[in-house]
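Trainee: Got a structure here, written out as structure tokens. Questions coming.
The values are calculated or read from the model by the stated rules, or taken from the named source; none is laboratory data. Just so we're clear, the structure is a prediction, and the values are computed from it rather than from any experiment. Here the Cβ positions follow ideal geometry from the backbone for every residue, glycine too, while neighbour counts run over all protein chains shown. Surface accessibility is based on the protein's heavy atoms, side chains included, excluding ligands, DNA and RNA. Shrake-Rupley method; radii C 1.70, N 1.55, O 1.52, S 1.80 Å.
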Amino acid sequence: MRHLEREELVKLLNKPVFHHISEVADELDMEAYVVGGYVRDLFLERPSKDIDVVVVGSGITVAEALCKRLGRGAHLSVFRNFGTAQVHWHGEEVEFVGARRESYSHDSRKPIVEDGTLEDDQRRRDFTINALAICLNKARFGELLDPFEGVWDMEDRLIATPLDPDITFSDDPLRMMRCIRFATQLNFEIEAETFEALSRNRERIKIISQERIIDELQKIMASDSPSRGWELLFQCGLLEIIFPELQAMQGVETRNGRAHKDNFWHTLEVLSNVVRTQREQRNDNYLWLRWAALLHDIGKPRSKRWDPQLGWTFHNHNFVGEKMVPQIFRRMKLPMDERMKYVQKLVGLHMRPIVIADEEVTDSAVRRLLFEAGDDIDDLMQLCEADITSRNEQRKQRFLDNFRLVREKLVDLEERDRIRNFQPPVSGEEIMERFNLPPCKEVGTLKTAVKDAILDGIIPNEHDAALQFVIEKAKRMGLSAE
Ligand code: ATP
Ligand code: MG
């Protein structure tokens, strides 16, 4: 955070678009201010995005006049219902709105809106750091208006509401999600009273649409420390409402002196580990790998059993979790496409590398793993390494050493056998033709037998060897070749 005097703000706003707005506002004799996230990000030295301008008077009138002044190359969109207008010009996007005062009723986040002063407009904003305004009119260009001391909160790295937080959150409960999102993105603390109000008002989140909630969750997930966001959601009690399956992972049960680990905190550690490894390498799936980390053990609460001999077990939790992924994606309004399939696949397979690494690392087991994971094998390995959160250094080292062995074998086998995008060298059609069969069970049996033989290393991944194998197997099944 930097402290900016007026001269510095003048310099930072030295862009043609601000000067044009300045002149247009002066001509119309209306006050215009740049507000909100753009101003905040100037102080925080973050890349600034869209520009929001508040006009004391009509935002639409200023936007129209600006567009006329800029001439060709400027594009205007007016939203009369909302009293707003957007101007696009040379890659700049400026949104204009009239200063407004808002009052809310209990059952909706749609306020009654009236014209207001600049300060009314600042008061209706969610957080003090989002309530700063800088004047654009020529005589006062660069003057900062910060009635709620947002600059001090930035200095102290605090998220606080300009008004009584119970009112701010109850009026528009989406602000509770934004509160945690900003705390996570900016790595700020939530001011104590504001945090208490999150807990008190948490039930109000139920009037917010899932689309809005998931938007904020995705911003939390894409940030540098998503685990902190989930931790805050847990602490204020919102998690229970918006993501009960994740909440259910929290807690430790002890029986006969045996306790299992707390799967919620373990999950957040795995998510943090994944984020850390993504600093070095990050592909297009990076956000979804994070979701896979968050969901990898989601089946544990439902598969937890007490076994007098073994203690706590979570048998098949990966398969239970795999089944839960589409349900969770659907309810959360996450995409039900190949991204969901990817998460589902990783959740289903996440125990495999560790089982291999726990026993002897055989060619056959690694080939099967490669066959099932396909192109997602590297992401799966990344997830599984992140999953080793043991405090026992020796145990941890043993797993990491074995994982290195698995990785070496993966490279080796891929070169030799090209299993990754495995297509069986003898097709179903060829089998049907050679044995004069209609589509039937026997064809499937033969195909599976060839696949298994290749994955087990009994025959090489080549057409002639595979065909020979099919002929012999068919003979044993009592089928004759044409
Ligand atoms: P970013 O664009 O980086 O997510 P931002 O602060 O610019 O952050 P926007 O959603 O673009 O967020 O909103 C712009 C400004 O509008 C905010 O800075 C804030 O002043 C105000 N604002 C947005 N949403 C709300 C809300 N739900 N309640 C009150 N004020 C809001
Ligand atoms: Mg913005």
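Trainee: For the stretch 6-156, give the magnitude of the charge dipole about the Cα centre (Cβ charges: +1 Lys/Arg, -1 Asp/Glu; no others), in debye to the nearest 20.
Mentor: With only Lys, Arg, Asp and Glu charged at Cβ, the dipole is about 560 debye.
Trainee: Excluding Arg101 itself, calculate the net charge of residues whose Cβ lies under 15 Å from the Cβ of Arg101, where each Lys or Arg counts +1 and each Asp or Glu counts -1.
Mentor: Here the charged neighbours net out to -3.
Trainee: Same structure again: Carbon and sulfur atoms: what percent of the 1.4 Å accessible area of the stretch 428-476 do they account for? Don't jump to the answer; show the numbers that get you there.
Mentor: Numbers: 1410 of 2840 Å².
On the stretch 428-476, the fraction of accessible area on carbon and sulfur atoms equals 50 percent.
Trainee: If each DSSP helix of 4+ residues adds -39,500 (n - 2.57) and the sum is divided by the residues in the chain, what number results at 222 nm, nearest 500 deg cm²/dmol?
Mentor: Value at 222 nm, helices only, nearest 500: -16000 deg cm²/dmol.
Trainee: Taking the Cβ-Cβ separation of Glu203 and Ile112 as r and a Förster radius of 22 Å, what is the calculated FRET efficiency to the nearest 0.05?
Mentor: My answer for the efficiency is 0.45.
Trainee: Would any residue of the stretch 20-40 have its amide N under 11 Å from a label point 7 Å out along Cα→Cβ of Val10? List them or say none.
Mentor: Zone members listed by number: none at all.
Trainee: For a label point 7 angstrom out from the Cα of Lys333 toward its Cβ, which stretches of the stretch 208-229 have the backbone nitrogen within less than 13 Å?
Mentor: Only 208-218 fall inside the zone, counting backbone N under 13 Å.
Trainee: Something else about it: Measure out, as a whole number of angstrom, how far apart the alpha-carbon centroids of the stretch 121-158 and the stretch 262-336 sit.
Mentor: Value for the Cα centre distance between the two parts: 41 Å.
Trainee: Any idea of the accessible area per residue across the chain, 1.4 Å probe, to the nearest Å²?
Mentor: Accessible surface, normalised per residue, equals 49 Å².
Trainee: By the gyration tensor of its Cα atoms, with a ≥ b ≥ c the square roots of the eigenvalues, what is the shape of the stretch 264-370: rounded for a/c under 1.5, prolate for a/b over b/c, or oblate?
Mentor: It is oblate, given that a/c is not under 1.5 and a/b is not larger than b/c.
Trainee: Taking square-rooted eigenvalues a ≥ b ≥ c of the alpha carbon gyration tensor, is the stretch 6-156 rounded, prolate or oblate, where a/c under 1.5 means rounded and, failing that, a/b exceeding b/c means prolate?
Mentor: Cα axes put the stretch 6-156 in the oblate bin.
Trainee: Hey, another quick one. What is the dipole size for the chain, taken about its Cα centre, with +1 at each Lys and Arg Cβ and -1 at each Asp and Glu Cβ, in debye to the nearest 20?
Mentor: Here the chain has a charge dipole of around 1420 debye.
Trainee: Counting residues in the chain as N, plug N into 2.2 N^0.38 Å and put the Cα Rg over that result. Could the numbers behind the result be given before it?
Mentor: Values: Rg = 29.8 Å, N = 482, 2.2 N^0.38 = 23.0 Å.
Its radius of gyration relative to the 2.2 N^0.38 Å reference: 1.30.
Trainee: Related question: What does the charge count near Gln218 come to, summing +1 for each Lys or Arg and -1 for each Asp or Glu among other residues with Cβ under 14 Å from its Cβ?
Mentor: +4
Trainee: Looking at Ala99, Cys135, Met381, which one has the Cα that reaches farthest to the positive end of the dipole of the chain (charges on Cβ: Lys, Arg +1; Asp, Glu -1)?
Mentor: Among Ala99, Cys135, Met381, the one farthest towards the positive end of the dipole of the chain is Met381.
Trainee: Test of understanding: express the Cα radius of gyration of the stretch 365-417 as a ratio to 2.2 N^0.38 Å, with N the residue count.
Mentor: Here the Cα radius of gyration is 1.21 times the empirical estimate.
Trainee: Pairing the Cα long axis of helix 174-186 with the longest principal axis of the chain, what angle in degrees results, from 0 to 90 and rounded to the nearest 10?
Mentor: Rounded to the nearest ten degrees, it is 80.
Trainee: Could you pull out the longest piece of the chain with no exposed loop trypsin sites (Lys or Arg not before Pro) in it, calling a site exposed if DSSP puts it outside H, G, I, E, B and it has at most 10 other Cβ atoms within 10 Å?
Mentor: Here the longest segment lacking exposed loop sites spans 73-278.
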